[in-house]
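Structure record follows, encoded as structure tokens.
No lab work stands behind these numbers, since they all come straight from the coordinates. This is a predicted model, so every value here is computed, not measured. Here the Cβ is made from the backbone with ideal geometry for all residues, glycine too, and neighbour counts use every protein chain on show.
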Amino acid sequence: MESLLLIAPITALEFVGDHLLSGEGPYLTVYSLEKDHLISHRKRQNVLQGYTIHGIKLNSSATVEGEPMIVAVFGSKGLIVLQLNISDDDVSLTEICMLRELHDWIWDVQWLGDCLKPAAYLGLALGHNSVALYDFLSGKVLKEVHCAEKCILYSACFYGHSWEELVLVSGTVFNQLVVWGVSDPTNKDGRTEPRQRISGHNGVIFSIFYKKKRGLLASASDDRSLRIWDVGDLVAKSFDVKCLLVLYGHQSRVWSVKLLHENIISIGEDSACIVWNYQGDIVSHFKGHKGRGIRAVAVQGREDLVATGGADSAIRLWQINGKSSRSNELLSLQFSSSHSPGAPKAIAMVDTTLLIVMTDLGSIYTYDFISKKWSFILTDENYKSYCQLDIYKTSNNVLCAIGNITGEIKIFSLSSPKIFKDLKCHQGKIHSLSWVAPLCPGSFTCGLFSSGPYGLMVCLEVTCVSGYVESVAEKGRFVLPACKQRWHTSVAFLPDEEFIVCGDRRGSLMLFPMNATNRGQDLFQGAIQSESGALHLKENVDDFVGEQRPNCPSTACSVLSVEGPVSLLFGIHGKLGVTSISCHSGFVYSTGRDGFYRQLKVERGQLTLLRKLKSCKGMEWIERLSFTADGNLLVMGFHATDFVVWSTRTNEKLHCVPCGGGHRSWSYRKEEHTEVFAYIKSCDIFAYLSHPVGKTQSILKEPVHGREITCVKYAGSLKTYEHLHVLLTSSEDTTVNILCFNAATNSLYQLSTISDHISSVKALALAQTKPCFQQDSSLSAVLFSAGGRAEIECYHIQINQGKDEESVLCQVIHLASHRLDEHWDRMKNKHRLVKMDPETRYMAITVVGEEVRDNPPSSLVFLAAACSDGSVRFFAVCTNSRKMLLVAESFYHQRCVLKIRPFVHRFVGGKRDLLCSAATDGRIAFWDVTDTIEEARNILQGEHEDFQPLNLEDPCFTVSAHQCGINSLHIQETKDGHYLVASGGDDNSIHICQLTVNNTTCETDNRTSIQLLKVFTVPSAHAAHVTGLRFLREDLLASVSVDQRLSLWHLRKDGGLHPRGTKFCHVADVSELDCWENVATGGHYGVLCGQGLEIMCIPSKVPELDQEG
């Protein structure tokens, strides 16, 4: 058995010139920071075998490019010394001495010299407050000195370059720092007395760092604080200690601290990297890692670049010391003091150099960010007090549109403001104006949408030639759904479609056809000219309102018909409105003030919701999406009173501007690498400018999950230019990842992330669907995810090969969701009631019955769930109508049900669908759900609004397999028609029972009968509870346990389960195992998860008792 890939927390980091060394489990990985390298990952080697790397120590702080370097790598009790060679063509790691196992935990390592060599020995700080002098060439401990302070250490820090001057600062379990010299005289017990005991922390000390040049000692503790101590020279026999700073900034435990020349760096369990100055102020607060904290930190020699490694397996780079990758400034444009009459009411950014302002007196001004000057454009008293403003930048001009309270619209070009068009489009207030870019680039025309009273939306086609507005033609009229705030907020043309997508203030999305009658008619041919010279459109309000209103003006004739929506998603973004609509890669994206952005698609003239997505926590107002050229998605919106630009790739806030909130006029523009955010505040205009200074790769290694991975499933394989295997993972961080494993390069990359759950995701289930043309290059399946808060989500995933042979496209469509307490959210006066069992969790789910197909009539999927409240629940899902219904349930177990598995018994003339469930009492129950499936089909065909779940009845057979909870379950059908049921429990045992299912039914209850034939048990199969079992063949079983071992077992025909091999895995707290066939070799792939993910290759033939460490 061989480990192919390991995704583990980053536990150690160290810079070597323009390269970065990282410890990931037992693997030492070398990354390149240079842009010229196509891939950053240059070398990966297992150096500590079964130990996890916790520290990397270079033999000298001064490194010379091209010359070999000696590196000590240690973790737990393991230590190895390597020679690192880095060149332009290759990176090599060579063992100087083989891996050694010490008798105690190693906390720190120091290179020590003698009169001949500057790095002849190693000083080792050991776990029980002792120091060993270690000869790494011979692998022997020459001497060991113990401190008189007998205690267990949580951290240690060396200072000194020879054994005679070596000083150790120990972080003890008693919340103290103990300073002692290894060459100091010993007491009568042969132990060295401490030079100093430093107290002050209220928790154990996790990290210590000493800065010789400043004479400062830093400590990080469990009490969430950093303390900076003035200690002077540690080599001195005696010294005074003074606490200079106590720093609180982390929201959880602080793992590590480093002192730089001008700054202090700290990392913590709150996933934050904080940069402090020596006055105790926070200079920078970096937060981009997911989940449970940052485990490692390193600073480049120039002290301008920090690398952090997290529990999410990611490595990130941060610029510090005033050398940020961006230069940000906030400017006051001093509009009120520029002798401009009136107060600013509306603003719009043309680009990053020009701003347009509309005042309450109907005046328009521009501000040039280059010359820093205001310019007057025009004024019109008809547009004072109330005005709507929107602008559109063409290839060579800027078009402006303003609307007032009487329904008038003025359209003009910024270069020729004196040549304008005045229109009377509505018989009342203009609620909103929106420019829409033409579908054909380089066109002289663009669209302008205006909304007036009674939900009327008018589309105008504006033609601009030679710098002025030449003509305006009406393209169509549309009526919005009836609601209180009945006007549009955003509009977009669909490429290659004769439709427009519109979002309104009520939060609805609608689809309109662009085929109105009299299409393209010029306004001058169908309008009535007033005395003021404005153009009035003929309209009959009754035609589009649908009923006579007393205050509605009406004319005698109707020139243009009004189009209603052909597709409507009413209130999909809540009651606060849709904020933007955009089209990208054939999909429609909408944002709203409900804190979500949605992905939709137009199919057969209807809007179909695919996914509902959320950005960072707390951003309840999403304003816009921006798709970058490198594939990143930026989400812009408001977090409380701050304007935020959030990167979905790097999981961080790129910008955060305290503007006062979104209920004000504001505008944002980004061009190339310059960004400007302008807003009105206190009757003045402010602008936040961001310019690039230096571009640095911010993510060196992508994250996977921020917390423990609870489940992993193999979804299928794609046959593209290489064999790719699709894996699904769920985690306690409430997300589900769709991953692609390349077996040729042993690499893993992420295709998509699902983050719809409100609590941890515990289980996954798949119903495979066959591709339409049976192609090997596509994969289709129905995915179920379930977990905390009794929540189940259902998706359809489609994975295909992209246009580029090396790309893979993944599409996720949300089908349905179900919560046991979903009625609670709709209940009135629920504060007077007591919610029953709000913490019900789904522990395991499985698909029952035949595979679902993409095409009708087989659109039903049946799902069984094991629940923490002691029940087994049975669901039916209709993929066509996107509905999920709880059909039946049973509380037979009366205890938490942990696992559930299906199997199908086929016989001549029919089949029976069976379920197998296991609970915390160690009992396994078998259920016949064939009749339940038929009842579910009948229920879904009729009315089921007030349907009450059926009783699943009692199981047809039970067996007592374990003394306590069963954590793993798998079923294998044998060649002779029997069934092997394997289970692993908290009692560390593996239990296999051989069953037979009779085709005839019992006379009393008319159900299938099951008979127990044989039982095989291995009482102590593992050293901890067994969490994963898989039959590779009917005579070969794979098992994993919390003891971090993958074991193979041979089931002999004469009876008995015998071990065939064991492989140590590097994933802690293993929670699940899944296996699939390796077609190329005839063996199997195995993937296990927990605090990380590991993929192993299991050969087709395993030698007898092949034990591997």
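Students often get this wrong, so check it: of Lys701/Lys762; Lys212/Lys701; Lys117/Lys143, which have C-alpha atoms separated by over 22 Å?
Flagged as over cut-off: Lys701/Lys762; Lys212/Lys701.
Stokes-Einstein D for the range 186-318 at 25 °C, 0.890 mPa s, Kirkwood Rh over Cα pairs, in µm²/s?
157 µm²/s
For the chain, what size does the Cα cloud have along each of its three principal axes, sorted from largest down, in whole Å?
Here the spans come out as 111, 90, 62 Å, largest first.
Given the pairs Lys719/Lys1063; Lys719/Lys803; Lys57/Lys242; Lys393/Lys614, which span a C-alpha to C-alpha distance of over 25 angstrom in this model?
Lys719/Lys1063; Lys57/Lys242; Lys393/Lys614
Going by amide H atoms built from the backbone, whose H comes under 5 Å of the H on Lys681, apart from near neighbours?
HN-HN under 5 Å from Lys681: Phe686.
Report the normalised scattering of the range 709-804 as log10 I(q)/I(0) at q = 0.20 Å⁻¹, calculated by the Debye formula with identical scatterers on the alpha carbons.
For the range 709-804 at q = 0.20 Å⁻¹, log10 I(q)/I(0) is -0.95.
Efficiency by 1/(1 + (r/R0)^6): what FRET value for Glu262 and Glu164, r their Cβ-Cβ distance, R0 = 35 Å, to the nearest 0.05?
It comes out at approximately 0.60.
On a 0 to 90° scale, report how tilted helix 930-941 is relative to the longest principal axis of the chain, with both axes built from alpha carbons and the result rounded to the nearest 10.
Rounded to the nearest ten degrees, it is 20.
Residues with beta-carbon under 12 Å from that of Glu144, excluding Glu144: net charge, scoring Lys, Arg +1 and Asp, Glu -1?
Summing Lys and Arg as +1 and Asp and Glu as -1 gives +2.
Would you kindly calculate the mean projected area, averaged across all directions, of the convex hull enclosing the Cα atoms of the range 1055-1098, in square nanometres?
Here the figure is 4.1 nm², rounded to one decimal.
Say the cut-off is 24 Å between C-alpha atoms; which of Lys345/Lys421; Lys211/Lys653; Lys345/Lys617; Lys290/Lys612 go over it?
Lys211/Lys653; Lys345/Lys617
At a 10 angstrom cut-off on C-beta neighbours, averaged per residue, how do the peptides 174-183, 245-254, 1050-1059 rank from highest to lowest?
For the peptides 174-183, 245-254, 1050-1059, the packing ranking is 174-183, 245-254, 1050-1059.
What is the sum of charges, Lys and Arg at +1 and Asp and Glu at -1, for the other residues whose Cβ falls under 9 Å from the Cβ of Val712?
Charge balance in the 9 Å sphere: -1.
With unit charges on the beta carbon (Lys/Arg positive, Asp/Glu negative), name the residue among Ser284, Thr1081, Val736 whose Cα is farthest towards the positive pole of the charge dipole of the chain.
Looking along the dipole axis, the top candidate is Ser284.
At a Cα cut-off below 20 Å, give the lysines reachable from Lys150, other chains included and same-chain residues fewer than 8 away excluded.
Hits, sequence-local ones excluded: Lys77, Lys188.
Given the C-alpha centroids of the range 352-414 and the range 648-710, what is the distance between them in whole angstrom?
Between the Cα centres of the range 352-414 and the range 648-710 lies a distance of 26 Å.
May I ask you to order 374-381, 200-207 by the average number of other C-beta atoms within 10 Å around their residues, highest value first? Could you put the intermediate results ahead of the total?
Working: 374-381: 14.4, 200-207: 19.4.
Going from most to least packed, we get 200-207, 374-381.
Counting helices only, and only those DSSP H runs with n ≥ 4, report the 222 nm mean residue ellipticity of the chain as the sum of -39,500 (n - 2.57) divided by its residues, in deg cm²/dmol to the nearest 500.
On the way: 3 runs with 22 residues, N = 1109.
Dividing the helical sum by the residues of the chain leaves -500 deg cm²/dmol.
Of all alpha-carbon pairs in the range 956-1049, indicate the percentage at a distance above 21 angstrom. Please list the in-between numbers first.
On the way: 1548 of 4371 pairs.
The proportion of pairs with Cα distances above 21 Å equals 35 percent.
For the peptides 572-578, 1029-1035, what is the packing order when you average, over each peptide's residues, the other Cβ atoms within 10 Å and list the highest mean first?
Top of the packing list down: 572-578, 1029-1035.
Add +1 for every Lys or Arg and -1 for every Asp or Glu among the other residues with Cβ under 12 Å from the Cβ of Ser582, and state the total.
Values: positive: Arg598, Arg624; negative: Glu623.
Within the 12 Å Cβ shell, the charges total +1.
Across 5 Å bins from the origin, how do the percents of Cα pairs in the range 1-101 run, short distances first?
3, 13, 25, 26, 19, 10, 3, 1, 0
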